[in-house]
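I have placed the structure first, in the form of structure tokens, so that the comments after it can refer back to it.
The values are calculated or read from the model by the stated rules, or taken from the named source; none is laboratory data. Worth saying up front: this structure is predicted, and the values here are computed from it rather than measured. Here the Cβ positions follow ideal geometry from the backbone for every residue, glycine too, while neighbour counts run over all protein chains shown.
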Amino acid sequence: MRTQVVIIGSGPSGLLLGQMLHLAGIDAVILDRVSKDYILGRVRAGVLEEGMVAMLERAKAATRLHQEGLPHDGFSLAFDGRDHRIDLHHLTGGKRVMVYGQTEVTRDLMEAREAAGCQTIYDATNVQPHDFDGQTPYVTYEKDGVTHRIDCDFIAGCDGFHGSSRKAVPQAAIKEFEKIYPFGWLGILAEVPPVSHELIYANHPRGFALCSMRSTTRSRYYVQCPLDDKVEDWSDDRFWDEIRRRLPAHHAEAMVTGPSFEKSIAPLRSFVTEPMRFGRLFLAGDAAHIVPPTGAKGLNLAASDIFYLSEGLIEFYKDKSTAGIDAYSARALSRVWKAVRFSWWMTTMMHRFPDTGDFGQRIQEAELDYLVGSVAASTALAENYVGLPY
Ligand code: RFL
Ligand code: PHB
């Protein structure tokens, strides 16, 4: 088989790239190691920057997002028994974020791809990129016991942190930067109305907590937990007791509880790969970088990578110019590092670390107090939270 671009990974990065290329008349095949249902069963991010919403509009996959997404003009920072609203809209001159689950973004992009008749091969195992340092790259994979080969012009590695694309790059050609945090997030989904109509990020001596949502009837809540905790250790009752203890009293009292229907623990890490291009192989999204979820940036970085990469590839095919693909890595990394910095800063300010102690707790509270009391500091937070320009 031959196509112009092989995209490895059918997550948000791969699907968005596939859609942008299709709309520009460029053929791409997407390969994923798992099934469509498995991908749609994953619960992940929930906050979309305006830049990502604009990308989904350009990808013609934003109809349901505009019907069902919840525009948010602000969020709360809770600490020391109080909470303070960060007015994103006012502080950024009219910007806001959209609360809409990654699962729904993925579903919308899959539907757009199916409607366009583009090819996705699910359950493709042992996917391997080859010869990307030359002019004639190809990808091999196995399906139903048979090995297949797809020849192409370019390979896009959109296969997440554990994918095979990054691993195919020779060690000497890649530099990896990593920071692992000494805690995880225990997250639940429950069919209960959110405690507040906006998100609440809480700093508490017992650890961080986040109240988010997927709709006006479905809540997504998280608490910081030790990395070695098991989901089985956390009954629903234990979760509800813990999150209420970490919130200001008026929220704790107002919180509606109920059975959870999803519960999982995610580790937190910051990770960046430099560069993001190796000959005719490009890395995008989680394949190239990971941020802790505190700043809600992981999914949004996938969209900005695809903005730069799709522009570069479209320029290559339309104008016979390599300027865009040559600039891809530097353009993407410049924005990635700013989001890595912001996510690290939010994580550091909001979580209890092993060495935080009473002194560290007071320093965090002083920083939060300064942040909510200073227009300059609140503006810097808001500008980063709504997303830096592409
Ligand atoms: P994805 O979504 O991981 O998609 C990668 C796709 O590649 C497939 N794949 C392979 N296919 C073929 N061959 C292989 N060898 C392959 N290996 C993997 C996978 O099956 C998958 O379909 O990466 P993408 O598209 O770059 O999208 C990035 C976002 O998913 C990610 O940044 C965010 O979800 C990160 N993230 C969160 N971000 C937030 O902003 N807020 C959150 O609350 C949040 N929660 C999370 C998260 C990521 C998690 N992961 C990766 C474990 C919670 C979790 C559990
Ligand atoms: C979510 O709704 O899952 C969510 C929201 C904001 C974050 C992280 C996760 O910072």
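Residues that are assigned to a loop (DSSP other than H, G, I, E, B), surrounded by fewer than 18 Cβ atoms within 10 Å (Cβ to Cβ) and in contact (Cβ under 8 Å) with a residue 60 or more places away in the chain: does region 51-67 have at least one? No, because not a single residue in region 51-67 is assigned to a loop (DSSP other than H, G, I, E, B), surrounded by fewer than 18 Cβ atoms within 10 Å (Cβ to Cβ) and in contact (Cβ under 8 Å) with a residue 60 or more places away in the chain.
Scanning region 350-380 for residues that are in contact (Cβ under 8 Å) with a residue 12 or more places away in the chain and under 13 Å from Tyr181 (Cα atoms) gives Met350, His351, Arg352, Phe353, Pro354. For the structure I just gave you, tell me whether Trp344 is in a helix (DSSP H, G or I), touching a strand residue (DSSP E or B) at 6+ places or on another chain (Cβ under 6 Å) and within 23 Å of Val386 (Cα to Cα). So Trp344 passes the test. Within region 303-316, identify whether any single residue is at pLDDT 95 or above, farther than 30 Å from Asp151 by Cβ and of a type outside the set (Gly, Ala, Ser), and answer yes or no. Looking for residues that are at pLDDT 95 or above, farther than 30 Å from Asp151 by Cβ and of a type outside the set (Gly, Ala, Ser), one finds none in region 303-316, hence no. Within region 272-294, at least one residue is within 16 Å of ligand 2 (Cβ to nearest atom), in a loop (DSSP other than H, G, I, E, B), under 21 Å from Val97 (Cβ atoms) and touching a residue at least 60 places away in the same chain (Cβ under 8 Å).
Filtering Ala209, Ala202, Ala190 for residues that are touching a residue at least 24 places away in the same chain (Cβ under 8 Å) and within 14 Å of ligand 1 (Cβ to nearest atom) leaves a single hit, Ala209.
Listed by first and then second residue, the pairs linking a residue in region 19-38 that is over 11 Å from Val5 (Cα atoms) to a residue that is of a type in the set (Lys, Arg), with Cβ atoms under 8 Å apart and 6 or more places separating them unless they lie on different chains, are Gln19/Lys60; Gln19/Arg113; Met20/Arg58; Leu23/Arg58; Leu23/Lys60; Ala24/Lys318. Considering Lys338, Lys263, Lys297, which residue is modelled with pLDDT of 95 or more and out of contact with any Leu (no Cβ under 9 Å at 6 or more places or on another chain)? So the residue among Lys338, Lys263, Lys297 that is modelled with pLDDT of 95 or more and out of contact with any Leu (no Cβ under 9 Å at 6 or more places or on another chain) is Lys297.
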